[in-house]
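Right, one structure below, let's go through it.
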Amino acid sequence: MSPDLIIQERHLTELRALLARDHGVEASAYLLFGTSEIKQDPWSKRRRRRFTSFEVLPVPPEDHVSADAQHITWSTSSYVRLLKRAEDEGLIVGIVHTHPTGPACFSEQDDRNEGELAQMARNRNGKSAELISVLLAGKDQILARLWVDEREPIPMAHLRVIGRTYRIHERLPSTSGLEHLHRQGLAFGDQLNTWLRTLRIGIVGCGGTGSATAMLLARLGVGYLALFDEDTADLTNLNRLHGSKRSDVDAMRSKVEIVAREITEAGLGVKAHAMKGWVGDPTFRDALKSCDVIFGCTDDHSGRLFLNRLAHFYLIPVIDIGLAITPNDEGGGVKDLSGRTTVVFPGAPCLMCRGIVDPAKAREEDLRRASPEEYERQKREAYVRGAGNPAPAVVTFTTSTACMAIDELLQALVGFRGPEGWAWNRLRRFDLMKDRVPGALSGDHCPICESQDYWGRGDINPFMDRVG
């Protein structure tokens, strides 16, 4: 079992403010976590578990006993109350403490104290109860581990802090075989190459933008790719589906098979896993929950709504991509040629609030998928709108839009544009050679991005609180 930990950047900011003390005195707080059970990682075929930060809680003042630069002691009364809440709500209790002046490691006293707290959790909530421990050391070092019993904790295999930036905090093994990325390292440092090699990235939709995104990520050095698309290649895809051949159309090969083949044959050491079907298929849940980042390259509203929820429940950033080409009414040329990238993550307006997805169209797409006969009947009776004309597509602009999206990931990792992190929403008018970063507000009653009830909640029943 390989445990991962994701902390929302806003939670880390809240913890640092809450735990700040003068003269290097240690401090402590609680952090509740949601859980994500992954029965089988698509690349390793191993079981994984991921813990996602859900809520920060202070240790009540009345529980404080003593603290100095070497220790922190508090009463466990609030801890016991929190264990009850965790049991009732299906959450995991985490304790957070500081080593302001070091060392950047758990001490023997930490081992003893946390072992006792783990035993207390098992006594209170049963033998399956667990405890997460997070250590904030110095200015920016973070360590974390999982106690499944009172004997010996398990270090977190992956530890990420995500918000406006994407920070990787775990110790990474030295990675060989990256000589082909040497010139990339000259630009952004060899550490970026190592970070990218650890990333598990999903690409939903493997058409014009999706196939370009997959090929570029493979060349960039990303270690693991999961490809999702339900379509087979047809003749009209050949002008923009990277890696496709006329023989693929004749053989009716799926888009994911074509893209995975090209990445594998490139011999870059990238593990590409092809998954043919709609992204909401329940059999794909393990693969999606295994991802660190997802690129949404689908043009259907239902798929976008699905990913919109996934990003908030599981703290997996979704970089949604769109391209709009509007021809002139008179024919010849265009009156609008715009690429868009939108980062979906807690703390920013979601795809619904930005008006990028239409719930009514999503329902129609779901009906067409679940009951084609009923969909056709309702279309004849004008209850649904039906499919319109195919959208224009030009390979240079689908590829350019894919580059925009990948550049946002690089910005979150290395900040090549400055320290402000990625743009939540970027619009590029290719015809005017202009960029805009339009803002938006969360809707007053949006259940996804206005309320924090789902942010980092992880697995619940029904899945992502979706009915049907």
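Read the figures in this text as sums done on the coordinates, not as results from a lab. Just so it is clear, the structure is predicted and the values come from calculations on it, not from any experiment. Cβ atoms come from the backbone with ideal geometry, glycine included; neighbour counts cover every protein chain shown.
Using only the alpha-carbon atoms, how far is helix 255-265 inclined from the longest principal axis of the chain? Give it as 0 to 90 degrees, nearest 10.
70 degrees
Considering only DSSP beta bridges whose two residues both sit in the chain, what percent are antiparallel, to the nearest 5?
Antiparallel bridges make up about 60 percent of those DSSP assigns within the chain.
Using only the alpha carbon atoms of the stretch 41-151, find the Kirkwood hydrodynamic radius as the inverse mean reciprocal pair distance, in angstroms to one decimal.
Evaluated on the stretch 41-151, it is 15.2 Å.
Provide the packing ranking of 187-199, 337-349, i.e. peptides ordered by the mean count of other C-beta atoms within 10 Å per residue, highest first.
Highest-to-lowest ranking by the protection proxy: 337-349, 187-199.
Going out from 0 in 10 Å bins, what whole percent of all Cα-Cα distances in the stretch 158-217 drops into each bin?
18, 41, 37, 4
How high is the FRET efficiency between GLU373 and ASP22 when r is their beta carbon distance and R₀ equals 51 Å, given to the nearest 0.05?
So the FRET efficiency works out to roughly 0.10.
Taking only pairs that are 8 or more places apart or on different chains, how many Lys pairs in the chain have Cα atoms under 16 angstrom apart?
8
Return the whole-Å distance between the Cα centroid of the stretch 28-95 and the Cα centroid of the stretch 257-315.
When both Cα centres are located, 30 Å separates them.
For the chain, I need the span (max minus min coordinate) of the C-alpha atoms along each principal axis, in Å, sorted largest to smallest.
77, 55, 40
Please say if the stretch 180-459 is rounded, prolate or oblate, where rounded means a/c under 1.5 for a ≥ b ≥ c the square roots of the C-alpha gyration tensor eigenvalues, and otherwise the choice is prolate for a/b larger than b/c and oblate otherwise?
Note, shape of the stretch 180-459 comes out rounded.
Taking a cut-off of 23 Å, what percent of all Cα-Cα pairs in the stretch 254-348 are separated by more than that?
Of the Cα pairs, 41 percent sit more than 23 Å apart.
What does the charge count around GLY185 come to, taking other residues whose C-beta lies under 15 Å from its C-beta (Lys +1, Arg +1, Asp -1, Glu -1)?
In short, +1.
Could you give me the ³J(HN,Hα) list for the stretch 185-194, computed from phi with Karplus coefficients 6.51, -1.76, 1.60 and θ = phi - 60°, whole Hz, x at Gly and Pro?
x, 5, 7, 10, x, 5, 4, 4, 4, 5
Where does the Debye-calculated log10 I(q)/I(0) of the stretch 87-211 sit at q = 0.18, 0.19, 0.20 Å⁻¹, using only Cα point scatterers of equal weight, no solvent?
Log10 I(q)/I(0), no solvent term: -1.05, -1.11, -1.16.
Report the relative contact order of the chain, percent, no decimals, based on alpha-carbon pairs under 8 angstrom and at least 6 residues apart.
Computed over the chain, the figure is 14 percent.
Hey, what angle do you get for helix 77-89 against the long axis of the chain, alpha-carbon based, 0 to 90 degrees rounded to 10?
On a 0 to 90 degree scale, this one is about 30.
What is the packing order of peptides 28-35, 98-105, taking the mean over residues of other C-beta atoms within 10 Å and listing the highest first?
Sorting 28-35, 98-105 by mean packing, highest first, produces 28-35, 98-105.
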